[in-house]
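Here is the structure we will look at, set down as structure tokens.
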Amino acid sequence: MTTIFKPFIYSIVIDIQLYDQFMKDDKELMARFGKENPFKTPEGYFEHFHEQLMNSLSEPEHAATQPCQVTLFTRIKPWLYMAAMFISTVFVIQGLMYVQETKLATNQMANSEMIFTDEADMFMATSLYDEYVLYSYLTNNDNN
């Protein structure tokens, strides 16, 4: 039973060793550099930052652009896309319904078809007679 847990125990031991090594490295770095942030911003850096940024950006050139012509196709295009979406949805639904109907029809045909092993089974399945009539039918056919 202990052999089952050995890999699990070994993985725990390795995890503990890795954690100890990490903590040792972390303590060495803290002793060497401390907790102080070595990065500092210059004094007054953000006081004029917005102005410097806006000055460094170039003004956009407003060229005399001609307005786009809106054609009839451009106006109708969203409606055509929507109509195509609805038509394709209808075709998909009809296709799924057709597949289900054919599966249902084949299942009904398979269930309704009876496999007869001999004439007696076929006679009993297709007639309204009982076993006595079948017995008399079979005995009369055997005598003839």
Original post:
Scanning for something at pLDDT 80 or above, surrounded by 10 or more Cβ atoms within 10 Å (Cβ to Cβ) and assigned to a helix (DSSP H, G or I), does the stretch 30-39 turn up at least one residue?
Top reply: yes
Original post:
Just for helices (runs of 4 or more DSSP H) wholly inside the stretch 49-144: which have at least 3 residues that are exposed (fewer than 10 other Cβ atoms within 10 Å of the Cβ) and modelled with pLDDT under 75?
Top reply: 72-112, 131-143
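The values are calculated or read from the model by the stated rules, or taken from the named source; none is laboratory data. Since the model is a prediction, treat every value here as computed from it, not as a measurement. FYI the Cβ positions are ideal-geometry reconstructions off the backbone, even for glycines, and counts take in every protein chain you see.
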